[in-house]
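Peer 1: Here it is, the structure in full.
The values are calculated or read from the model by the stated rules, or taken from the named source; none is laboratory data. Note that the structure is predicted; figures quoted are calculated from it, not measured. Cβ placement follows ideal geometry from the backbone for every residue including glycine, while neighbour counts extend to all protein chains displayed.
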Amino acid sequence: MQLGEKIKTLRLAMNLTQENTAQKLFISRQVLSKWECGKSYPDLEKLLAISQLFNISIDTLLKEDTNLQSHIIKQSHYKKYIGFFLLYCYSFVGLLVMLCASYAFLNLPVTMKTTDVNFLNSHFESTHTKDDTLYISGDLIPFFASYQGDWSFQTTEKTITIFMHRTRVPRAENHVLLTLEKDKKHGFDWTNKDIYFSDDTHKTLLYDASKKKLTFTLPETNQGGVGND
């Protein structure tokens, strides 16, 4: 006997109409009618509800109905595939979030240490229309470091202290080039001030005001004079 026939037989044995039975199973009468006609099958959850309603085991309901057995097997496989698909989706999203977080972390600026950069040269240039400009160039030494052109400075009566910043991006831009224009309004004037590159613990002298001398210099070609007002 097929499942639909069993449901109908059990329903009639309890003097239940399709409407009454559908209400007890929390389904529509049309769905129950399709089950009894063999046009569709209940899922595992509804099979359990049918078993409890008619006080009959699921094994007895499934017995002899090979079509229903095949349907349940396919449904089980389908749910398994859906589970794997969702697992892969969640894993991909998790990996994407981790990559984005890692990228954001790597791009956070940190203070560049004096030991992070190998200064190669420096020189002044001056024109008739602009104040003196100091160029300082070098290379980052750490592999996991990238210079983003970000720097700040502090001034005192006799010193200008420069603080540079870098990210942790591996070798994205390891060349350092500082272009420092004289700004008297904000105290950035090296006429009588030493220029230092500094971190929290060490300082590197870039320009000695008393000697009017740059620590790192290019060959004489293409260099302008040191600006002294």
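Peer 1: Looking at Glu19, Glu36, Glu45, can you tell me which residue is in a helix (DSSP H, G or I), modelled with pLDDT under 90, assigned by TED's automatic domain parsing to the domain that holds Leu62 and surrounded by fewer than 14 Cβ atoms within 10 Å (Cβ to Cβ)? Explain how you work it out, then say what you get.
Peer 2: Working: Glu19 fails: modelled with pLDDT under 90; Glu36 fails: surrounded by fewer than 14 Cβ atoms within 10 Å (Cβ to Cβ).
Every option except Glu45 fails the conditions.
Peer 1: Same structure, new question: How many residues are farther than 17 Å from Leu214 by Cβ and hydroxyl-bearing (Ser, Thr, Tyr) when one looks only at the stretch 160-176?
Peer 2: 1
Peer 1: Those residues that are assigned to a loop (DSSP other than H, G, I, E, B), modelled with pLDDT of 90 or more and of a type in the set (A, V, I, L, M, F, W, C), I need them from the stretch 1-16; list them, please.
Peer 2: Initial filter on the stretch 1-16 (assigned to a loop (DSSP other than H, G, I, E, B)): 1-2, 14-16.
Subsequent filtering for residues that are modelled with pLDDT of 90 or more retains 14-16.
Those that are assigned to a loop (DSSP other than H, G, I, E, B), modelled with pLDDT of 90 or more and of a type in the set (A, V, I, L, M, F, W, C): Met14, Leu16.
Peer 1: Can you tell me which condition Lys185 does not meet? The list is (1) in contact with a strand residue (DSSP E or B) (Cβ under 9 Å, 6 or more places away or on another chain); (2) modelled with pLDDT under 90, and all the others hold.
Peer 2: (1)
Peer 1: Check off (1) of a type in the set (D, E, K, R); (2) closer than 30 Å to Ser210 by Cα; (3) at pLDDT below 85 for Lys79 and give me the number that stays unchecked.
Peer 2: (2)
Peer 1: Hey, among the residues in the stretch 157-191 that are surrounded by fewer than 14 Cβ atoms within 10 Å (Cβ to Cβ) and farther than 20 Å from Gly138 by Cα, which one's farthest from the chain's Cα centre (by Cα)?
Peer 2: Filtering first and then ranking leaves Thr191.
Peer 1: Do we find that Asp194 is more than 29 Å from Leu108 (Cβ to Cβ), more than 29 Å from the chain's Cα centre (by Cα) and modelled with pLDDT of 90 or more in this structure?
Peer 2: yes
Peer 1: Oh, and also: I'd like to check something: does the stretch 67-75 contain any residue that is of a type in the set (Lys, Arg) and either in a helix (DSSP H, G or I) or modelled with pLDDT under 90 (or both)? Before the answer, list the steps.
Peer 2: Step one: of the stretch 67-75, the residues of a type in the set (Lys, Arg) are 74.
Next cut, either in a helix (DSSP H, G or I) or modelled with pLDDT under 90 (or both) only: 74.
Scanning the stretch 67-75, I find at least one residue that is of a type in the set (Lys, Arg) and either in a helix (DSSP H, G or I) or modelled with pLDDT under 90 (or both), so the answer is yes.
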